[in-house]
Amino acid sequence: MIHVRNLQKTYKDIQSGQFTALAGISFDAMPGQIYGLLGPNGAGKTTALRILSTVLQPSEGSAIVNGFNVTEQPEQVRRQIGFVSCNTAIYDRMTSWELVQYFGQLYGMPLDRLHSKMNALFDRFQMNEIRDVLCSKMSTGMKQKVSIVRAMIHNPPVLIFDEATSGLDILVAREVLKTVEQLRDQGKCIVFSSHIMSEVKRLCDRVAIMNRGVILAEGTPTYLAEKHQENDMEELFYQLISRSEAQLESEKNAAGAPPNLASPLTN
Amino acid sequence: MNWPTIKLIFRRELRDQLRDRRTLFTVAIMPMLLYPLMGMAMMQVAQFMRESPSRVWIVGEEKLPASPPLIVGGKFNPTFGTAESQLIELIGSTAGDGHFESLIKSATSSSDDSSSVEEILRQEMQKRKMDLAIFIPNQIHIPERPESNLETASQDSTSPPATQVFVLTDSAIDKSRIASERVNRILNQWSKEFSKETLVANEIPTSMIQGVVFTTGDVANKTGKQAAAWSKILPFIIMIWSLTGAFYPAIDLCAGEKERGTFETLLSSPAARSEIAFGKLLTVMTFSMATSFLNLLSMGFTGIFVLTKLGSGMGAGGNLPIGIPPLASIGWLLLALIPISALFSAVALAAAAFARSSKEGQYYLVPLLMISMPLMMIPMLPAAELDFGTSLIPVSGLMLLLRSLIEANYTNCLKFVAPVCAINLACCWLAVRWVIHQFNSETVLFRASERFGIGAWIKHIMRERRSLPSLGSAILCGVVILVAKFFIGFAVTAPQNFGQFALQTVIILVATIFIPSVLMALFLTRNPRKSLRLNGCKITMAAAAILAAIFLNPMFTWLTGFIMHIYPPSGDMLMLQEAVSRILGSAPGLWAIILVFAVAPAIFEEIAFRGFILSGCQSMKGKWKPILLTSLMFGLAHGVIQQTMITFVIGLVLGLIAVQTKSILPCILFHLTHNSLAVLLSQANRTVVEQSPVLRQYLYSTDGQNYQYATFPAILMSVVGVMLIIWFLQLDLKPSNRSEAYGRVPHPN
């Protein structure tokens, strides 16, 4: 469903000349599977997901989403995906109903089919009470619900969740995770980025641990635990990142140049 | 582009903006409330506004004649100006002014120079806080007719001097200027009356001094007068408000969306970026037009109401030049509002797309206002008229066309409607292209703040150098040349001889054109030789360039004449030409003139324009866009409008030769030949032409001084010249690897 090969992204940077956000990552995510991208801030998770959603262009490498190339067929790729970001990204001056309808229309859905789909989703997510409420008046949890419904309205085969539970209270976060699981069970291919280990352990079928634009380890949680002889996911994550940082530090000392930590395109 | 998607985005953005209180306030509430409130305030203030009286100090009042009386009851005689006399507080010299009078007496008796009297009066005026001073030094009598016959009177050259009265004002102070106008009107009337009484006293009929009576009339009807008044105000109002109305929606729709994070969501939807850009542009345009229209409406109604009230209050309502604007003018304004709003909206949107936040967006829009304001102010100048030159200025041309339309000057409008529309539509198209480019650029959409330091920036430039210059460095080079030429103009002095003139010309060429381009090629590119196009070329190309210059010369000469006919040179330009001709007369020989006017510009200008600048412009797609841009900069570098137009056309030919031959050598040869022929033609004299049978065939002169090409040979030569250009066009050299040289990165959809 998603095939990423040697994906690279570099930006020009006045201070260091060039900043590498992605240094050639490769992975595959299949239908009915949740693929987790783990990493600290600035690891390159958001850049990778932005490339998958065609918002950014890769500098090198390829990414195929449901058979469409992100560079050559961006419009077709966008029809295959639903994108949910951490900052809810919904229009404050629209009601939840208007917002979902707008995106449904952007996907070219006929109004009758769109409205029946909206009714079903609003029922399922218990959003009927807020359908005529302006998004600016909603709580963060409600906004994230609207954001998920907005991403699901055109029934995409691929869903991308970029730190979708960040900033949510435990109740809403659990609800979001439950939704993600339900979507997986429906056969959707889900890419889920997070730095919360418990979420990853609970949800992900496969995991890639990233740091500074490279994948440090990749596989099922069980495989990773066995390979690194560490059952605790958080501990495993910490060890891999610490080792990677230490290695970079020693390389930096050898080369005499400071590493570039800032990501110019990460919001 | 998918129109339903654009419509969908437009409708959403429109609804979104209509729900935004700030936008609604700016677009609708402010104009509806602000102007009526301002009008009310004006009317309130007008009630308390009284014209303040002028303090006029008169010294020597007793020396005035009894008839005609200038002063009656301590005031100026109302017969000589009822309104003025009411507004003047007359203060006479008092008994305590003995000291002043003695000062004046000594000043008037010691010298005939009136400046000492004026100095004393000035000091006294300041001390006494007077707006104006009148000093009558001597008794004024009605003169008597001399006891002599006409014959002796005509022989007598020493007629008695006119009676002198000092009237002193301070033109640096407004109150004093107003006082001067009031007093002068009264004194002129009184002086006329005094002359009449003099004639009567001397038994001379007053009809003898009537002279010629001028009867003035105004053929403009009331509608015409109103149209003239509105034609200056209305275009400016709609321009300024359409720009202002585009600002806030543009910032909210771009920078605001980035801040709220909704932009990324929209970009990951199936809508293409061009569709998003167009949807937003239509929204900004709608608000720009609405703001302009509502402001116009509110300001118009308030203005008419207030002026009518004030006018009737002053008893001069019928004389006010502004009434209800003619209906046709409203129609023209609404029609013009569409391209104006499109232009301003596109520019505002493109600038706002670059901003990371609403606050940053406001910083970008202030310079935009600063650039637009002069374009809006040009048509407000009294001397500004719609002609071919002004019609080519974006915004200004449109405003002048609008002015002519409101004044119902349709003949003039018809003459220039095509260039005005072409230029403004081209600007709209460029602005829309810029918006789409901004929406396609990752670095614009996801720009993060970077710490800026000069050192780091220089390092970055050196590190990021490409084989050939970028478009940005080419434009920078053009701007540096223009600015350097502007400033060096202040430094140079008028040359006295040919030696000074030649040295000055070459220094200017080297300092302002050659050095900036060479330095930029050395520091901003990895391959300066290639950047300056210092490549060899085939001998056929070099020969073809020389021949093209020779054969195209009649056409360029005719073009020069045509442009000079449309835009006759100004007086200053003619004086300059005359001065240059005089200096050229002292040249040691023709070779020296050719060296200065042909060889030096050909080398230095070609290295800069067809070398560095054209190489940089070629990072744009296509052949003609780089040539066009380079020619524009080449033309602008020549400063004078007539020369700019001619050199722009020559620049197109030079650019084509440079692109096709990939070398500046043929361009230098073309430039050198063209300029040399121009020098030879200007220096050709009757002796030389008459002695040469060949020249006699090709040149003719009507005045024996200025030679021109004969028509038939000129046409033949032009045809050959055009064929040579076609030959250059068909040259198919191996294309270089553009994307490698310019480091192009494909844009996302």
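Coordinate-derived values only; no laboratory data. All values reported here derive from a predicted model rather than from experimental measurement. Cβ: placed from backbone, ideal geometry, glycine included. Neighbour counts: every protein chain shown.
Determine, from the Cβ-Cβ distance of B:W429 and A:E60 and an R0 of 35 Å, the FRET efficiency 1/(1 + (r/R0)^6), rounded to the nearest 0.05. The partial results should precede the final answer.
Details: r = 35 Å, r/R0 = 1.00.
The formula returns an efficiency of 0.50 here.
Using the Kirkwood radius over C-alpha pairs as Rh, can you work out the diffusion coefficient of the range B:7-81 via Stokes-Einstein at 25 °C, viscosity 0.890 mPa s, in µm² per second?
On the way: Rh = 18.7 Å.
For these conditions, the coefficient is 132 µm²/s.
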Rank A:A48, A:A151, A:A246 by mean-square fluctuation in a GNM of chain A with C-alpha springs under 10 angstrom and give only the top-ranked residue. A:A246
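Could you work out, residue by residue across A:84-91, how many beta carbons of other chains sit within 10 Å of that residue's beta carbon, and then give the average as an integer?
Details: counts 1, 5, 1, 5, 4, 9, 4, 10.
Across the residues of A:84-91, the mean count of other-chain Cβ atoms within 10 Å is 5.
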Rule-of-thumb check for the range B:368-444: C-alpha Rg over 2.2 N^0.38 Å? 1.30
Given q = 0.09, 0.14 Å⁻¹, what are the Debye log10 I(q)/I(0) values for the range B:414-558, with equal point scatterers placed on the Cα positions and solvent ignored? -0.57, -1.19
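Please compare each pair in B:K538/B:K625; B:K258/B:K280; A:K188/B:K258 to a cut-off of 18 Å on the Cα-Cα distance and tell me which ones are over it.
On the way: B:K538/B:K625 26 Å; B:K258/B:K280 14 Å; A:K188/B:K258 29 Å.
Over 18 Å apart, Cα to Cα: B:K538/B:K625; A:K188/B:K258.
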Folded to 0 to 90 degrees: helix B:396-406 orientation relative to chain B principal axis, Cα: 50
To the nearest 20 Debye, how big is the dipole of chain B about its Cα centre, given +1 on the beta carbon of each Lys and Arg and -1 on that of each Asp and Glu? 4360
What list of ³J(HN,Hα) couplings, whole Hz, do you get for the range B:652-665 from phi and the Karplus terms 6.51, -1.76, 1.60, once you set θ to phi - 60° and write x for glycine and proline? 5, 5, 4, x, 4, 4, 5, 5, 6, 9, 6, 8, 8, 4
Alpha-carbon centroids, the range B:368-399 and the range B:485-540: separation in whole Å: 33
Residue by residue through A:72-83, how many Cβ atoms from other chains fall within 10 Å of the Cβ on average? 3
Can you give me the distance in nm between label points at B:T308 and B:L695, each placed 7 Å from the Cα along the Cα-to-Cβ direction? 7.6
Cα extents of the range B:584-624 along the three principal axes, largest first, in whole Å? 49, 15, 11
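With n ≥ 4 as the cut-off for DSSP H runs, can you work out [θ] at 222 nm for the protein assembly as shown, using -39500 (n - 2.57) per run divided by the number of residues, rounded to the nearest 500? Display every interim value, and only then the final one.
On the way: 44 runs with 596 residues, N = 1016.
Roughly -19000 deg cm²/dmol at 222 nm, from the helical runs in the protein assembly as shown.
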Ignore the peptide's own chain and count Cβ atoms of other chains within 10 Å of each Cβ in B:268-278; give me the average, rounded. 5
Once both axes come from the Cα atoms, what is the angle between helix B:624-636 and the longest principal axis of chain B, in degrees from 0 to 90, rounded to 10? 30
Quick one: net charge of B:Q126's neighbours, Cβ under 15 Å, K/R +1, D/E -1? +1
Choice from A:E234, A:E245, A:E129 showing the highest fluctuation, given a GNM over chain A with Cα pairs closer than 10 Å: A:E129
Debye, to nearest 20: dipole size of the protein assembly as shown, +1 on Lys, Arg Cβ, -1 on Asp, Glu Cβ: 3260
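Given a Förster distance of 35 Å, report the FRET efficiency between A:E129 and A:E75 from their Cβ-Cβ distance, rounded to the nearest 0.05.
Values: r = 36 Å, r/R0 = 1.02.
Step by step, r from the Cβ atoms, then E = 0.45.
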0 to 90° range, to nearest 10: angle between helix A:96-106 axis and chain A longest Cα axis: 70
Applied in sequence order to the range B:532-540, the curve 6.51 cos²θ - 1.76 cosθ + 1.60 (Karplus, θ = phi - 60°) yields integer Hz couplings, x standing for Gly and Pro, of 8, 6, 7, 9, x, 8, 5, 4, 5
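Quick one, what does Rg over Rh come out to for the protein assembly as shown if you take C-alpha atoms and the Kirkwood Rh?
Values: Rg = 40.1 Å, Rh = 36.4 Å.
Here Rg/Rh amounts to 1.10.
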Write down the radius of gyration of chain A and its Dmax, each obtained from C-alpha positions, in Å. 19.2, 65
Derived scalar couplings ³J(HN,Hα) [the range B:249-257; Karplus, 6.51 cos²θ - 1.76 cosθ + 1.60; whole Hz; x for Gly, Pro]: x, 4, 5, 5, 6, 10, 4, x, 5
Please compute the contact order of the range B:463-534 in relative form: average sequence separation of alpha-carbon pairs under 8 Å and at least six residues apart, divided by the residue count, as a percent. 56
Where N is the number of residues in the range A:1-151, Cα Rg divided by 2.2 N^0.38 Å: 1.20
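In Å³ and rounded to a whole number, note down the convex hull volume per residue for the Cα atoms of the range A:186-235.
With only Cα atoms used, the range A:186-235 gives 90 Å³ per residue.
Taking 0.36 nm per residue of separation and subtracting the Cα-Cα distance, what length does fully extending B:Y567 through B:V213 add?
Extending this stretch completely gives an extra 123.5 nm.
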Given N residues in chain B, what is its alpha carbon radius of gyration divided by 2.2 N^0.38 Å? 1.31
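For the range A:102-143, give the magnitude of the charge dipole about the Cα centre (Cβ charges: +1 Lys/Arg, -1 Asp/Glu; no others), in debye to the nearest 20.
Details: 6 positive and 4 negative charges, 25 e Å.
Dipole of the range A:102-143, to the nearest 20 debye: 120 debye.
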Taking just the C-alpha trace of the range B:253-295, give me its Rg and Dmax in Å. 12.5, 38
In nm, to one decimal, how far is the modelled label at A:E230 from the one at A:S242, with both set 7 Å along Cα→Cβ? 0.7
